[in-house]
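Right, one structure below, let's go through it.
The values are calculated or read from the model by the stated rules, or taken from the named source; none is laboratory data. Because the structure is a prediction, the values reported are computed rather than measured. Note: ideal-geometry Cβ built from the backbone for every residue, glycine included; neighbour counts use all protein chains shown.
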């Protein structure tokens, strides 16, 4: 398209239709034409999908043909596509930090679908601002970190064991830490596993044998983590075992601490004898101690309420499994499940539900507004289907309770410098894009540590965590993000050592060194900018987001600098 006379700064702007996500609401060809009128723009064009091979080839060709030294893509979101475009410009000799991403989908067309004219004007402003910032971009060098090819798994349940076995089989030296005296986690308390009704003890025994046979795996039982310091590739960990301190240096850490079972104190007459939990029922089934003909199960006890709004996801299948086991032991037993909703995802689990119905298990729906009332020998429940209250006799009441976060999650999260969500489960970097990663590089998560999951999902996530960690451990060095906070030499005199930045840094990336000076650990910093925005003397700057670059965007939009 239109070209401009050669200048020191030569910007190429590529406007993406993103199918109809952008092109269906604004005129991308007109946006590309508009971009040619901006200062320092040497080339502009529009593409149907800039992230496609055709689109990437167009960028590579334009850089060569028009001698571009800055590239701007106006498209979807840097969260998913910025690494792709950075790699693209790097292939043709440009520093990847001379690329700038302008989001005209998530921040424009998707939020202004019914205001297309205004969306077009906003897209023009965003491109103008992105181009102004691009002119101020500087080449940055990636930070190179040495990798110690050793893994640490915290938690010896099913997910942790699978992670450890997988990593050790790949040849990585692996350490597995379990706070209890035996491996297995919640698996040790179960009788059978759904949906194949395999005995949990046999499954655990097989897993334990695989752990014991792993040549590169060291297991620490009756142990707990005392401290964790460092960064990706170089974590210094202290483990306490029977009063002794064991020091390790590892390159990656996997959190597989599982979850705890909610105890329904003061709910539905819970006493551990006539009113028990599903977990306590598992133990009775294991020892053939269920001596009851009328068994009632109540679902969602302690879950899906104001205190705990989430569904624990495993409770329904656990109830179905135990109900079928009871019917198998005693076909004449009357088993009734009082439910609010039945969660049986997928064809296999739905077939399991149908199997329970066929075996004679009764299902009665209740609501949160009309909870079952438990008396000494009978339960009164409002039957939603009949529209009236009914009485159900019982010899044994079984309460299906949720998995909840461990009490010590916050302590471990603080040591790892990773976040927890509102229910105190560990919070992954992104539920869809990075479900096994933490935002902190080199630390991963699997199993019920991040949300209640069953054995199948725990196994899958354990293998996924091993896969993610092996990407780090298989390299001698790794490059980490360069757009970090730093204290320029010319700004050091401004720093008064107030330590506000140390207090507020969410990644603990700022310390005071031996000379009592502020020091930013580049490998830990994620460039969030919190320190720079709160520095009382404006001494700290953020690479790739410095004051000059941000001010260029503001001025391009029409703002003014207030001295």
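How many residues does segment 366-386 hold that are modelled with pLDDT of 95 or more and within 34 Å of the chain's Cα centre (by Cα)? Total meeting the criteria: 0. Residue 389 meets the conditions (1) exposed (fewer than 13 other Cβ atoms within 10 Å of the Cβ); (2) in a strand (DSSP E or B); (3) at pLDDT 95 or above in every case but one. The failed one is (3). Considering only residues in segment 433-451 that are under 21 Å from residue 309 (Cα atoms) and more than 8 Å from the chain's Cα centre (by Cα), the one that is surrounded by the most Cβ atoms within 10 Å (Cβ to Cβ) turns out to be 447. Does residue 401 meet the test of being assigned to a helix (DSSP H, G or I) and either at pLDDT 95 or above or more than 26 Å from residue 508 (Cα to Cα) (or both)? For residue 401, the condition - assigned to a helix (DSSP H, G or I) and either at pLDDT 95 or above or more than 26 Å from residue 508 (Cα to Cα) (or both) - is not met. Only residues that are in a loop (DSSP other than H, G, I, E, B) and crowded, with 19+ Cβ neighbours inside 10 Å were counted across segment 508-526, and they come to 4. Selection of segment 367-386 for residues being in contact (Cβ under 8 Å) with a residue 40 or more places away in the chain and part of a loop (DSSP other than H, G, I, E, B) yields 368, 372.
Counting only residues that are touching a residue at least 40 places away in the same chain (Cβ under 8 Å) and farther than 28 Å from residue 483 by Cα, give me the helices (runs of 4 or more DSSP H) lying completely in segment 16-111 with at least 1 of them. Break it down stepwise before answering.
Working: elements: 28-35, 53-65, 78-91.
Here the list reads 28-35.
Specify which of the listed residues (77, 50) is modelled with pLDDT under 95, touching a helix residue (DSSP H, G or I) at 6+ places or on another chain (Cβ under 8 Å) and closer than 30 Å to residue 429 by Cβ.
On the way: 50 fails: modelled with pLDDT under 95.
Within the list 77, 50, the selection yields 77.
For segment 465-503, the tally of residues that are assigned to a helix (DSSP H, G or I), out of contact with any strand residue (DSSP E or B) (no Cβ under 6 Å at 6 or more places or on another chain) and buried (at least 19 other Cβ atoms within 10 Å of the Cβ) stands at 1.
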